[in-house]
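The structure under discussion appears below in the form of structure tokens.
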């Protein structure tokens, strides 16, 4: 079986799958009390910036410190799954997550595993973000891409006009693709961190680099497909399951308030 490392981004103690392919990782561990999981503040790390980068501090740590052929990221509340709803109901969600064997089989056929796309329908990726957070974050990101990676600019503009995207920073890719992507991603985010002023922002709002990165993954993939580095059939969309319960009423209400009355999101759903 391939050497696949799927890190589970965790910020508190929680139940995790027993499959050895998973590595529960305490993200943002620097200065915090630990709870038995591997922490992201050893070796080369950016753990202290978790308030800005969210789960990316764990991804950065894994990229720089783990030995792997394939690297992936999931969350303590959100996992890939190939099991249907009935199976999940009968066996429980934790026993329904993607197994190492299933991941191994998928990677025989695909180069990139991503979660099912989220569709906004009545909005573009840019307008949805501008309504719910701060569009200036992407205006600055565009400037950075134009300066540092101009070949990606058309892909950035194309993505921002789309009405769907892969979210959550979830993926599984081989080492070559992972290196290529994360070098590009963190180079852009580090520059954005310098240019965007977070003075007066709430803790929730300050997590903007994690949100921006979710969208940038789409830009990067679009460019890889345009240049032929990967092709569309190399990408496999896999359903994901949420370990808790989503408050759909509050989520829909918040979306409509953002769209119609420009009320920004102030908490996660």
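The values are calculated or read from the model by the stated rules, or taken from the named source; none is laboratory data. All figures in this text were calculated on a predicted structure; none of them were measured in a lab. Glycine also receives a Cβ, built like all others from the backbone with ideal geometry; neighbour counts cover every protein chain displayed.
For residues that are buried (at least 19 other Cβ atoms within 10 Å of the Cβ), in contact with a helix residue (DSSP H, G or I) (Cβ under 6 Å, 6 or more places away or on another chain) and either farther than 21 Å from residue 206 by Cβ or in contact (Cβ under 8 Å) with a residue 40 or more places away in the chain (or both), tally how many sit in the range 26-48.
0
Is at least one residue of the range 60-77 under 15 Å from the mean Cα position of the chain (by Cα), over 28 Å from residue 194 (Cβ atoms), at pLDDT 95 or above and surrounded by fewer than 20 Cβ atoms within 10 Å (Cβ to Cβ)?
yes
Can you pull out every residue in the range 3-17 that is out of contact with any strand residue (DSSP E or B) (no Cβ under 6 Å at 6 or more places or on another chain) and over 13 Å from residue 99 (Cβ atoms)?
Correct list: 3, 11, 12, 13, 14, 15.
For every residue, the table says whether it meets (1) out of contact with any helix residue (DSSP H, G or I) (no Cβ under 8 Å at 6 or more places or on another chain); (2) at pLDDT 95 or above; (3) over 19 Å from residue 49 (Cα atoms).
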{"site": "140", "(1), (2), (3)": "no, yes, yes"}
{"site": "168", "(1), (2), (3)": "no, yes, no"}
{"site": "173", "(1), (2), (3)": "no, yes, yes"}
{"site": "194", "(1), (2), (3)": "yes, yes, no"}
{"site": "215", "(1), (2), (3)": "no, yes, yes"}
{"site": "223", "(1), (2), (3)": "no, yes, yes"}
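Which ones in the range 129-138 are free of Cβ contacts under 8 Å to residues at least 40 places away in the same chain and either more than 30 Å from residue 198 (Cα to Cα) or part of a helix (DSSP H, G or I) (or both)?
The one that is free of Cβ contacts under 8 Å to residues at least 40 places away in the same chain and either more than 30 Å from residue 198 (Cα to Cα) or part of a helix (DSSP H, G or I) (or both): 130.
Taking residue 1 and the conditions (1) in a loop (DSSP other than H, G, I, E, B); (2) crowded, with 21+ Cβ neighbours inside 10 Å; (3) in contact (Cβ under 8 Å) with a residue 24 or more places away in the chain, which numbered condition does it fall short on, given that it satisfies the others?
Answer for residue 1: the failing condition is (2).
Restricting the search to the range 18-39, which residues are under 23 Å from residue 98 (Cβ atoms) and in a strand (DSSP E or B)?
22, 23, 24, 25, 26, 38 - these are the residues of the range 18-39 that are under 23 Å from residue 98 (Cβ atoms) and in a strand (DSSP E or B).
Looking at this structure, is residue 51 part of a loop (DSSP other than H, G, I, E, B), under 26 Å from residue 189 (Cβ atoms) and either touching a strand residue (DSSP E or B) at 6+ places or on another chain (Cβ under 6 Å) or touching a residue at least 12 places away in the same chain (Cβ under 8 Å) (or both)?
No: the conditions fail for residue 51.
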